[in-house]
Amino acid sequence: MKFRFNSLKNKCLIKIQANNWLNTYKFSLLLLTILIAVAVMGVRRLGALQALELLAYDWMINLHNENQTDPRLLLVEITDKDIEKHGSYPLKDELIAQLLRKLQQNHPKVIGFDLYREVAYPPGTDALRQELQKDNVVVIQLIGNGENGVSAPPGVKPDQIGFNDLVADIGDDVLRRNLMYVQFGSAPIQEMYSFPLRLSLKYLEERQLKLQVGDDFLQIGEAKFPDLKANSGGYQLEPSETAGQQILIDYQSPNIAQRVTLTEVLAGKVAPSLIKDKIVLIGATSISVKDILSTPYNQGSDSLMPGVVAQAQMTSQILNIVLDNAPLFWFWSEWCEGLWVWGWSLVAVAIAWKLKHPVAIVVGGIVGVGSLITVCFVIFTFAGWIPLMPAAISLTVTIASVLGYKALYNLFYDSLTGLPNRSLFAKQLKKLQQKDKSPGFIGILCLDLNRFKLINDGLGYQAGDRILIETAQRLQENLNSQTILARVGADEFAIAIKTDEYTAEAIEIANKLDRAIASPYQLKEQEIFTSASIGLAFNRQGENFQPEELLQASHAAMYQAKVAGKRRHEIFTTNMHEQALKRLELEADLNQAIGNQEFELYYQPIICLKTGIIKGFEALVRWQSPTRGFVSPGEFIPVAEETGLIVPMGEWILTTACDQMQQWRKQFPYAESVVISVNLSSRQFAQANLIAQVQETLITTGLAGGNLKLEITESMVMDDVENTIDLLRELKKLDIKISMDDFGTGYSCFSYLHLFPLDTLKVDRSFVCNMNQGIKNQDIVSTIVILAHKLGMDVIAEGIETRAEQDILHRFNCEYGQGYYFAKPLSQQDATQLLEQNKIWKTDY
């Protein structure tokens with residue numbers, strides 16, 4: 001039964017987490033990236049990106065240019081000078097026959113004759129045909145479209161004929177594909193081989209590597225040539241453009257083969273070693289012949305390539321794959337391409353969402369595109385052609401879309417936690433009121449994190465951010481999907497619920513959330529504790545209300561909970577608005593008081609219980625407001641702590657107290673050893689520049705460090721023990737004294753007390769005033785004194801109001817005391833007069 005309950009609980013938790021995630025910006029951004037990737041892939045499928053992708057392919061071909069020749073090839077070119085020398089073009093059969101005989105004398109392995117000779121150009125026609133019929137010669141024919149075809153020279157065997165048809169891309173007429181093989185008819189099937197394929201097979205005859213033809217591949221020996229598909233790489237071809245067996249041309253260099261001219265061969269100026277065992281291609285490179293093709297190369301004359309050079313390119317590629325295990329271009333499936341494009345869309349989200357500054361986003365976008373280009377080019381060097389333009393468009397469009405979404409999102413959501421902000425919360429609350437007319441109540445819980453400012457100042461804003469993020473997660477995990485959760489302030493969250501009961505269900509939720517927040521937060525192997533103050537406000541369903549007013553009511557109740565002792569909840573009552581208003585007025589007056597210097601320091605003497613001599617003063621701040629009159633420290637100090645005004649106030653207190661102490665030392669020689677005690681607030685103690693501030697104060701006022709004692713509390717040192725120890729040691733280097741105030745009333749740091757470099761323990765007044773009520777209360781004080789002495793510290797007892805209390809403390813060997821029995825806090829004038837009198841309290845010890 002217990003197992004089934006836990007299983008059900010886990011399923012509910014998973015469902016809540018799933019619903020919460022679906023409502024976050026992360027899901028919206030994920031959905032956005034999917035939609036953009038699908039849209040881009042759809043545009044690509046329509047062929048709209050092919051032109052851009054082919055430009056990228058051409059750019060990478062140029063960048064990858066190795067500028068090397070294939071030693072297996074020799075190109076005999078017929079140039080304009082050759083044509084001019086021999087009178088006309090086409091050249092006479094006798095001259096071509098003479099060229100072939102000259103080449104055959106040097107034993108080439110294959111001669112590729114890339115000239116049309118279906119028509120005779122006498123004289124010498126018989127001699128030429130005899131040369132073309134030799135076994136190592138391959139000639140060309142043009143299949144064409146049936147009407148413009150050109151036949152091979154008469155008498156040449158079929159296995160020595162290769163078609164010269166080339167496939168240029170529609171749009172830019174650039175040659176990027178090699179049509180290797182086609183079939184015609186059905187019974188019998190007529191097979192036709194390309195000129196480069198015939199040359200390659202003839203060259204490979206001695207190796208006995210046979211050609212195998214599959215449905216979507218060709219295979220020579222172990223080398224397989226997969227057929228180019230309509231959507232391979234950046235292509236989106238029409239079915240008619242993918243006829244036959246095609247591969248992508250891997251251009252290695254504009255000048256793939258060493259060249260010699262017809263005239264040089266006839267004159268015997270070509271070394272036999274250039275011809276022996278080579279594939280010798282004969283073709284016209286003359287511009288006047290107009291056998292010129294556009295190629296991916298974009299540098300001057302390299303962009304236009306004679307047909308015979310293109311044939312050499314394709315022949316070299318086939319031989320490289322078969323003999324040198326060179327890779328053939330490979331491509332991703334459409335699914336892989338889609339994931340690739342989507343992946344770059346996710347990268348764009350990371351750039352546009354995480355980076356804040358516009359310049360950083362622009363730089364991030366440039367780096368992203370640069371990284372994409374680099375990755376695509378590196379893969380291209382390994383014969384992989386993957387989509388560049390779809391990914392680049394996806395990256396760019398996603399960045400622009402996310403920036404637009406981000407601008408809209410920030411209007412209604414908190415960028416740190418992903419929760420709705422105050423504005424959206426009010427809209428959702430109004431929508432809840434209008435949508436649900438059933439009987440019941442709408443309840444608002446306003447939750448504030450206690451001690452958050454201390455954590456944020458002491459451990460840094462990054463730690464504070466992590467606390468806020470984890471708090472949001474804890475709240476989401478403990479609320480159902482119908483609840484509205486928002487971040488409405490720096491450390492404040494608001495929860496809207498629909499309840500059938502007035503308070504019971506809401507209080508139960510408040511207690512549940514309180515327990516969730518009270519669990520320790522783990523930050524860098526350190527446990528951080530905080531708690532929640534929660535205010536509740538209700539409105540009966542059906543009654544009209546303003547969302548902002550209901551939120552303010554819960555906010556007022558939350559402040560009342562903080563004032564009443566924190567880690568508790570309060571339900572809004574009508575007088576809380578007045579209290580909240582008074583607090584706001586107090587904050588405003590307090591802020592003005594700092595600027596107007598309305599504060600004054602009072603000094604309470606600290607007396608040696610054995611001799612009655614003044615050993616020090618504790619500086620205590622007082623506020624005499626021109627409008628409010630005297631304001632109790634218990635009223636304005638907590639407000640100053642929460643608002644941060646305690647920091648400038650604390651600086652003024654420290655400087656003023658040190659300056660006064662230095663004046664007394666100069667005025668009264670016997671005050672040389674008197675110590676001024678100054679209380680540090682938790683906000684001051686968490687400041688990064690505390691050491692520098694204290695040091696500067698001592699230098700400015702001229703006070704010796706030994707005349708200053710800083711008082712801290714247990715709660716301040718227990719938040720980060722290791723850093724506290726380091727900070728106190730740095731303060732001790734200034735020769736100042738450190739006192740722990742109100743010992744025993746805070747976090748009970750007995751186990752850590754010996755680690756702190758303290759000089760004094762102060763016994764809280766609550767222990768002192770209870771000593772007359774029983775021996776156990778006296779034992780507590782005695783134990784604290786003994787503990788302090790064991791650790792090398794002296795003791796000051798606070799709140800001494802009777803001679804009996806003084807006697808008991810003296811009996812316990814407590815060194816010092818302060819309280820109304822000796823003197824109340826005195827103004828500067830009265831404290832100076834006390835020193836002038838050199839007053840000594842009688843002790844009779």
*asked:* If LEU323 meets every condition in (1) open to solvent by 10 Å² or more (accessible area, probe 1.4 Å); (2) within 22 Å of VAL76 (Cβ to Cβ); (3) not aromatic (Phe, Trp, Tyr) apart from one, which number is that one?
replied: (2)
_Residues that are open to solvent by 80 Å² or more (accessible area, probe 1.4 Å) and at pLDDT 85 or above, drawn from segment 544-563_ = GLN552
*Qualifying positions in segment 119-158 - acidic (Asp, Glu) and open to solvent by 80 Å² or more (accessible area, probe 1.4 Å)*: ASP126, ASP135, GLU147
*Only one of (1) under 28 Å from the mean Cα position of the chain (by Cα); (2) polar (S, T, N, Q); (3) exposed (fewer than 14 other Cβ atoms within 10 Å of the Cβ) is not met by THR471, so which one is it?*
(3)
*For segment 615-638, state whether one or more residues are aliphatic (A, V, I, L, M), more than 28 Å from ILE808 (Cα to Cα) and part of a helix (DSSP H, G or I).*
yes
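Any residue at all in segment 84-97 that is open to solvent by 20 Å² or more (accessible area, probe 1.4 Å) and under 60 Å from the mean Cα position of the chain (by Cα)?
no
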_helices (runs of 4 or more DSSP H) enclosed by segment 1-98 - at least 1 residues per element that are modelled with pLDDT of 80 or more, closer than 24 Å to ASP250 by Cβ and not hydroxyl-bearing (Ser, Thr, Tyr)_ = 25-45, 50-63
*Do you know which of the residues in segment 784-827 that are assigned to a loop (DSSP other than H, G, I, E, B) and within 56 Å of the chain's Cα centre (by Cα) is surrounded by the most Cβ atoms within 10 Å (Cβ to Cβ)?*
GLU798
*asked:* Being farther than 24 Å from ALA593 by Cβ and of a type in the set (Ser, Thr, Tyr) is the requirement here; does SER632 meet it?
replied: no
*Selection status of GLY384, free of Cβ contacts under 8 Å to residues at least 24 places away in the same chain, more than 20 Å from LYS26 (Cα to Cα) and either open to solvent by less than 40 Å² (accessible area, probe 1.4 Å) or in contact with a strand residue (DSSP E or B) (Cβ under 8 Å, 6 or more places away or on another chain) (or both)*: no
*asked:* Being closer than 30 Å to GLN837 by Cβ, open to solvent by 30 Å² or more (accessible area, probe 1.4 Å) and out of contact with any helix residue (DSSP H, G or I) (no Cβ under 9 Å at 6 or more places or on another chain) is true for just one of LYS582, LYS566, LYS615, LYS512. Which residue is that?
replied: LYS615
*asked:* Based on this model, can you work out whether ASN777 counts as among the polar types (S, T, N, Q) and more than 25 Å from CYS658 (Cβ to Cβ)?
replied: yes
*Might you let me know whether segment 526-543 holds any residue that is assigned to a helix (DSSP H, G or I) and either open to solvent by 70 Å² or more (accessible area, probe 1.4 Å) or closer than 30 Å to LYS762 by Cα (or both)?*
no
*Could we say that ASP741 is touching a helix residue (DSSP H, G or I) at 6+ places or on another chain (Cβ under 7 Å) and open to solvent by 10 Å² or more (accessible area, probe 1.4 Å) here?*
no
*Does segment 187-197 hold any residues that are more than 18 Å from ALA257 (Cα to Cα) and either touching an Asp or Glu at 6+ places or on another chain (Cβ under 8 Å) or among the aromatic types (Phe, Trp, Tyr) (or both), and which are they?*
TYR193, SER194
*Picking from GLY612, GLY595, which residue would you name as being touching a residue at least 60 places away in the same chain (Cβ under 8 Å) and farther than 30 Å from LYS427 by Cβ?*
GLY612
*Which ones in segment 828-845 are touching a residue at least 12 places away in the same chain (Cβ under 8 Å) and over 60 Å from the mean Cα position of the chain (by Cα)?*
THR832, LEU834, LEU835, GLU836, ASN838, LYS839, ILE840, TRP841, LYS842, THR843, TYR845
*Collect the residues in segment 185-213 that are more than 23 Å from ILE140 (Cβ to Cβ) and either touching a Pro at 6+ places or on another chain (Cβ under 9 Å) or part of a strand (DSSP E or B) (or both), keeping them in residue-number order.*
GLN212
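Does segment 348-364 include one or more residues that are within 26 Å of ILE140 (Cα to Cα) and in a helix (DSSP H, G or I)?
no
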_Looking at VAL721, VAL717, can you tell me which residue is surrounded by fewer than 20 Cβ atoms within 10 Å (Cβ to Cβ), of a type in the set (A, V, I, L, M), in contact with a strand residue (DSSP E or B) (Cβ under 9 Å, 6 or more places away or on another chain) and modelled with pLDDT under 85?_
VAL721
*Any residue in segment 493-501 that is within 20 Å of THR573 (Cβ to Cβ), under 31 Å from the mean Cα position of the chain (by Cα) and either modelled with pLDDT of 85 or more or aliphatic (A, V, I, L, M) (or both)?*
yes
*Tell me, please, whether a residue that is loosely packed, with under 15 Cβ neighbours inside 10 Å and out of contact with any Lys or Arg (no Cβ under 7 Å at 6 or more places or on another chain) can be found in segment 387-400.*
yes
*Taking the stated definitions as given, is ASP779 open to solvent by less than 60 Å² (accessible area, probe 1.4 Å), of a type outside the set (A, V, I, L, M) and more than 24 Å from TYR602 (Cβ to Cβ)?*
no
*Residue count for segment 222-251, restricted to those that are among the small types (Gly, Ala, Ser), touching a residue at least 60 places away in the same chain (Cβ under 8 Å) and more than 23 Å from ASN325 (Cβ to Cβ)*: 3
_Residues within segment 280-318 that are of a type in the set (A, V, I, L, M, F, W, C) and out of contact with any Leu (no Cβ under 8 Å at 6 or more places or on another chain), tallied_ = 3
*Would you mind listing the strands (runs of 3 or more DSSP E) fully within segment 244-309 where at least 1 residues are under 28 Å from GLN105 (Cα atoms)?*
258-261, 279-284, 304-306
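For segment 590-598, check the following and say yes or no: at least one residue is part of a helix (DSSP H, G or I) and β-branched (Val, Ile, Thr).
Yes, because at least one residue in segment 590-598 is part of a helix (DSSP H, G or I) and β-branched (Val, Ile, Thr).
The values are calculated or read from the model by the stated rules, or taken from the named source; none is laboratory data. Only a predicted model underlies this, so the values are computations on that prediction, with no experimental measurement involved. Glycine also receives a Cβ, built like all others from the backbone with ideal geometry; neighbour counts cover every protein chain displayed. Remember, those area values only see protein heavy atoms, side chains included, never the ligands or the DNA or RNA. Shrake-Rupley method; radii C 1.70, N 1.55, O 1.52, S 1.80 Å.
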